[in-house]
1. So if I place +1 on the C-beta of Lys and Arg and -1 on the C-beta of Asp and Glu, and nothing else carries charge, what would the dipole magnitude of the range 1-122 be about its Cα centre? I want it in debye, nearest 20.
2. So how compact is the range 42-125: Cα radius of gyration and Dmax in angstrom?
3. State the extension gain, in nm to one decimal, for the chain segment bounded by residue 20 and residue 119, taking 0.36 nm per residue of separation less the distance between their alpha-carbons.
4. Note down the magnitude of the dipole of the range 1-44 about its Cα centre, charges +1 on Lys and Arg C-beta and -1 on Asp and Glu C-beta and zero elsewhere, to the nearest 20 debye.
5. Please give the FRET efficiency for residue 101 paired with residue 28, using the beta carbon to beta carbon distance and R0 = 25 Å, rounded to the nearest 0.05.
6. Tell me, what is the percent relative contact order of the range 1-116, built from C-alpha pairs under 8 Å that lie six or more residues apart?
7. Put +1 on the Cβ of every Lys and Arg and -1 on every Asp and Glu Cβ in the range 55-108; which of 82, 60, 72 then has its Cα farthest towards the positive end of the dipole?
8. With labels modelled as points extended 7 Å from the Cα through the Cβ direction, what inter-label distance (nm, one decimal) is found for residue 73 paired with residue 264?
Amino acid sequence: MDALQMLRDDHLKVKDLFRRFDEAADGTTRKAIVDEAIAELMIHSQLEEEVFYPAMEREGLPDLVRHSEEEHAAADRIMVELSSTDSRDKTLEPRFRLLVETVTEHITDEESQMFPRAAELPRDRLSRIGDQMAALKERLTGAAQATRSPAATTSAGPMAVTRRTARKRTTAKRATAATSTTRKRTTTKRATAATNTTRKRTTTKRAAAATSTARKRTTTKRPAAATSTARKRTTTKRPAAATSTARKRTTTKRPAAATSTARKRNTAKSAAAATRRARKVTSAKRPAPGTSRPAAGSRTSTRSTTRTTATR
């Protein structure tokens, strides 16, 4: 038997019960339809949770399975309230309307998301899953019929025993699923924390490396700047030294020029003095106008006098 077709048939049967509830004329008929819908939904849920969902988890669809189980849990809470609701209770209809809405949404999600993925499985695999669900459904249906006898009927409704059995199995299954989910979340959180820690360390290392690189660049720039400054200072000193040397040379040249000038002045003075002396001697040799030339002896005497004067 094909598993997907079996589940689709259950969905159609439940939808037909929902339609019959709208057409029911009195509260007693509606209550009977509610009880029958609850019985069908409980068996259907148990088939999925014990056979179909585990098979889908093994095929790699854990997220879709968890979503469907959450929708089952929401429907179970409503069905528990409906089971204890009397046919004359005004809350019967709104509660059942809520159940219809929840189950209809669940059916839509399964047939649009999970069933297309399951249809990709080999046909023989789906047939084995369908055979397992058919065998379980036969056992559950027999148990439900046994509870419909007057001796087995309780105030909770004709499906109380089946619901309690299914609820226990469902609770155990959900507890296991919740534990598994918690473990996965914890593992995911730890992995996320480890990843964050690694990222922080990597970021810290990168920042440290960037700082180190910046320091190296700064250190490199500083010697370059110092070299440039030293060159500037050297260049400044060189013109200063050249200026000083030029000044020294100029200073040296000035005394030499002054000495040369002084020498020239002294030479000129000496020449002028000699010229004056020569003039005096010449003036002394010349006789005055109207005076006769002296005798030879007198000339000798005059020359002696002149030599004596020149010697002086």
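Only the coordinates and a few stated rules stand behind these numbers; no lab work does. Note that this is a predicted model, so its numbers are computed, not measured. Cβ: placed from backbone, ideal geometry, glycine included. Neighbour counts: every protein chain shown.
1. Details: 15 positive and 30 negative charges, 88 e Å.
Charge dipole of the range 1-122: 420 debye, to the nearest 20.
2. 15.2, 50
3. Values: separation 99, 0.36 × 99 = 35.64 nm, distance 3.10 nm.
32.5 nm is the gain from fully extending residue 20 to residue 119.
4. Numbers: 7 positive and 10 negative charges, 20 e Å.
The calculation lands at about 100 debye.
5. Working: r = 24 Å, r/R0 = 0.95.
So the FRET efficiency works out to roughly 0.60.
6. On the way: 63 pairs, mean separation 33.6, N = 116.
Once divided by the residue count of the range 1-116, the mean separation gives 29 percent.
7. 82
8. In this crude label model, residue 73 to residue 264 measures out at 12.3 nm.
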